[in-house]
Amino acid sequence: MLELFSTTTPDAVAMSLPAWLDLASVVVGAISGVFVARERRLDPVGFVGLAILCGLGGGLIRDMMMQTGGVYMLDSPYAIVAVVATALLAFFFPGPFDRFPALIEWVDIVSVGLFALMGTDKAVVHGLLPVSAILMGTITGVGGGMLRDVFLGDVPRIFRPSNYYALCALAGAATYYLAVVGTSIEKLWGAALCVCVTVTLRRWSLRYNVLSPTDVNLGPRVAGRMRHLTKGTRIVRRSK
């Protein structure tokens, strides 16, 4: 247990997180997809489709962009099977999903945190630049949900005013990178921090109804400030 508090060596940074954590993120993402499928009253194909999009979509976008390290959903012998099994179980045994509908928000944001974690970690393992690593984590975190919305004919949530969604993935990815690469703490602690920051920021925004801004126009304010500074400069020059 004490080894968790040890610092991460360069060799440890180059090692991926445990495979079970990757698979867990896929299953949680698939569950978030089947919640939506249940809400929309889709057929089994719809359940499986949304489970694949939410469970594997973000990682697929990441792997296509990185073009290194293989494509996880094709390389893993369990990923596709786990996603399809999750979808079919949810379709044929929907009881738990109907009893706890409020869980959809929790499952959704936990999946975002896990995907942001795995996306950032893969980028770190392959030595991407800090900005690139955080971008990969963010895209992995929100990619599945974005594909889900597109396939359902909705405007992707990340493009709409909302209680912090994409920003949560960005914050989680940045937290993991800074923790593991910047402060060299053990990766599992970095993983816990990433998920906690993502979930806490999202729940805080929901609790206090904090929305991402829209229709921002700083032009008049900046122009007014510039006029004020220019006027003050002229007065100083005249006084001299």
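The values are calculated or read from the model by the stated rules, or taken from the named source; none is laboratory data. Everything numeric here is computed off the predicted structure, so don't read it as measured data. Virtual Cβ from ideal backbone geometry, glycine too; neighbours counted across all protein chains shown. For the accessible areas, the whole protein counts, side chains as well, though only heavy atoms, and no ligand, DNA or RNA atoms are used. Shrake-Rupley method; radii C 1.70, N 1.55, O 1.52, S 1.80 Å.
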Exercise. Hey, among 21, 53, 60, 103, which residue is out of contact with any Lys or Arg (no Cβ under 7 Å at 6 or more places or on another chain), of a type outside the set (Phe, Trp, Tyr) and at pLDDT 95 or above?
Worked result: 60
Exercise. With respect to the numbered conditions (1) touching a Gly at 6+ places or on another chain (Cβ under 7 Å); (2) buried (at least 18 other Cβ atoms within 10 Å of the Cβ), which one is the sole condition not fulfilled by residue 35?
Worked result: (1)
For this session: List every residue pair whose Cβ atoms lie under 6 Å apart, where the two residues are 6 or more positions apart in sequence or sit on different chains, the first residue falls within the range 87-110 and is within 20 Å of residue 140 (Cβ to Cβ) and without any contact (Cβ under 8 Å) to a residue 60 or more places away in the chain, and the second residue, located anywhere, is open to solvent by 80 Å² or more (accessible area, probe 1.4 Å) and of a type in the set (Asp, Glu).
Result: none
For this session: Test residue 169 against the criterion of being open to solvent by less than 30 Å² (accessible area, probe 1.4 Å), closer than 28 Å to residue 106 by Cα and within 14 Å of the chain's Cα centre (by Cα), and give yes or no.
Result: yes
For this session: Output the residue which, of all residues in the range 186-195 that are open to solvent by 40 Å² or more (accessible area, probe 1.4 Å) and touching a residue at least 40 places away in the same chain (Cβ under 8 Å), is farthest from residue 116 (Cα to Cα).
Result: 186
For this session: Inspect the range 134-154 for any residue being closer than 21 Å to residue 15 by Cα, open to solvent by 40 Å² or more (accessible area, probe 1.4 Å) and either more than 17 Å from the chain's Cα centre (by Cα) or among the aromatic types (Phe, Trp, Tyr) (or both) and give the result as yes or no.
Result: no
Problem set entry | Any pair with Cβ under 9 angstrom, 6 or more apart, that starts in the range 62-75 at a residue that is under 18 Å from residue 141 (Cβ atoms) and ends at one that is of a type in the set (Ser, Thr, Tyr) and surrounded by 17 or more Cβ atoms within 10 Å (Cβ to Cβ) | 62/72; 62/140; 63/72
Seminar exercise, completed: Only one of 95, 70, 57 is open to solvent by less than 80 Å² (accessible area, probe 1.4 Å) and under 18 Å from the mean Cα position of the chain (by Cα), namely 57
Exercise. Out of (1) surrounded by fewer than 23 Cβ atoms within 10 Å (Cβ to Cβ); (2) out of contact with any strand residue (DSSP E or B) (no Cβ under 9 Å at 6 or more places or on another chain), the odd one out for residue 183 is which?
Worked result: (2)
Problem set entry | Tally of residues being buried (at least 18 other Cβ atoms within 10 Å of the Cβ) and touching a residue at least 24 places away in the same chain (Cβ under 8 Å) across the range 155-166 | 4
For this session: Looking only at the range 65-100, count how many residues are over 30 Å from residue 15 (Cβ atoms), touching a Leu at 6+ places or on another chain (Cβ under 9 Å) and at pLDDT 95 or above.
Result: 2
Seminar exercise, completed: With criteria (1) more than 22 Å from residue 122 (Cα to Cα); (2) surrounded by fewer than 21 Cβ atoms within 10 Å (Cβ to Cβ); (3) not basic (Lys, Arg), residue 201 comes up short on (2)
Exercise. Within the bounds of the range 216-226, is there any residue that is polar (S, T, N, Q), loosely packed, with under 10 Cβ neighbours inside 10 Å and part of a loop (DSSP other than H, G, I, E, B)?
Worked result: yes
Exercise. Is at least one residue of the range 108-124 open to solvent by 40 Å² or more (accessible area, probe 1.4 Å), over 23 Å from residue 179 (Cβ atoms), hydrophobic (A, V, I, L, M, F, W, C) and under 18 Å from the mean Cα position of the chain (by Cα)?
Worked result: no
